Amino acid sequence: MAFENLTPAEMRALIRKEEYTGQTSGLCPGYAQANLVVLPEEYAYDFLLFAQRNPKACPLLEVTDTGSRLLKDIAPGADIATDIPRYRIYENGLLTGETTDVSTLWRDDLVSFLIGCSFSFEADLLAADVPVRQIEEGKNVPMYDTDIPCASAGVFHGNMVVSMRPIPHDLVPKAVQITAGMPRVHGAPVHIGDPAAIGIADLSKPDYGDAVTVKQGEVPVFWPCGVTPQNAILRSKPSFAITHAPGHMLITDVKNVNLKY
């Protein structure tokens, strides 16, 4: 099946039935995708502050009512517990499992945060003839922990996670210009060039996702990433949390054009 030709609602229906459980880069081009963080209500205010203080890494698209599994704005009727291809479960700061459905884990005190995703600007890059390597190679985007500190809020603290796309040297200004116009899906790069300058030792060994080819004449370009909250969860150790698995996003009904300046 040509998944990339489906509407967001059709794609979410397949995901809900577990007929698609893969990463979502390149799916439903033109529509925004979203990262997920689910926390007990006792941590919700602290995380809301964390997101507001770190808008490049955690641009909020929607926050649910306490206990609700259903979205109202970015994908009306979408079910947080079933409509993402793969989830991660954290207990006391430890990753304790991955699953394709968290219905049996749902609680009445949970609050969901939907955060903009850099997959959303990839269609615009491709339309401008800027290559997106992980789509070319059928891989998940490479993501890396950095030594760039986030602003702390309440119990939450940690460093920024970044996604990387190798860009031909002469197309870097175009890539910066395109993505800078979409701050609700991370916006402009946070770093261009030497990975070691932001604490990345080896591009061939991403902390999340897959390594991709960096060709001669290309520059590694790094964008803030919505996996940053997972770094904060590991460091801050809330009693319970659910997130998306890196690269396995919620596909929304919002068109990317509506997230631009």
Q: Would you mind finding the one in LEU36, LEU14, LEU48, LEU61 that is in a strand (DSSP E or B) and either exposed (fewer than 15 other Cβ atoms within 10 Å of the Cβ) or out of contact with any Gly (no Cβ under 6 Å at 6 or more places or on another chain) (or both)?
A: LEU36
Q. Quick one: which of ALA211, ALA232, ALA201, ALA188 is under 30 Å from GLU41 (Cβ atoms) and either in contact with a helix residue (DSSP H, G or I) (Cβ under 9 Å, 6 or more places away or on another chain) or touching a residue at least 40 places away in the same chain (Cβ under 8 Å) (or both)?
A. ALA232
Q: Give the residue that is farthest from ARG184 (Cα to Cα), with candidates limited to residues of the stretch 226-244 that are assigned to a loop (DSSP other than H, G, I, E, B) and at pLDDT 95 or above.
A: SER239
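Yes/no matrix, rows are residues, columns are (1) of a type outside the set (A, V, I, L, M); (2) crowded, with 19+ Cβ neighbours inside 10 Å; (3) not in a helix (DSSP H, G or I):
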site: LYS139; (1), (2), (3): yes, no, yes
site: VAL161; (1), (2), (3): no, yes, yes
site: ARG165; (1), (2), (3): yes, yes, yes
site: LEU171; (1), (2), (3): no, no, no
site: GLN177; (1), (2), (3): yes, no, no
site: ARG184; (1), (2), (3): yes, yes, no
site: ASP202; (1), (2), (3): yes, no, yes
site: LYS205; (1), (2), (3): yes, no, yes
site: ALA211; (1), (2), (3): no, no, yes
Q: Have a look at GLY138, GLY158 and point out the one that is within 18 Å of the chain's Cα centre (by Cα) and free of Cβ contacts under 8 Å to residues at least 40 places away in the same chain.
A: GLY138
Q.
Can you find, within the stretch 82-100, the residue that is farthest from LEU39 (Cα to Cα) among those that are assigned to a loop (DSSP other than H, G, I, E, B) and hydroxyl-bearing (Ser, Thr, Tyr)?
A. THR100
Q: Test VAL130 against the stated conditions and say whether it is at negative phi, surrounded by 18 or more Cβ atoms within 10 Å (Cβ to Cβ), assigned to a loop (DSSP other than H, G, I, E, B) and over 18 Å from the mean Cα position of the chain (by Cα).
A: yes
Q) Do any residues in the stretch 67-96 that are assigned by TED's automatic domain parsing to the domain that holds ALA34 and surrounded by 13 or more Cβ atoms within 10 Å (Cβ to Cβ) have Cβ atoms under 7 Å from those of residues that are among the basic types (Lys, Arg) and in a loop (DSSP other than H, G, I, E, B), where the two are at least six apart or on different chains, and which pairs are they? A) ASP79/ARG69; ILE80/ARG69; ALA81/ARG69; GLY93/LYS237
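The values are calculated or read from the model by the stated rules, or taken from the named source; none is laboratory data. Keep in mind it's a predicted model, so treat the numbers as computed, not measured. Counting neighbours? That spans all protein chains shown, and the Cβs are built from the backbone with ideal geometry, glycine included.
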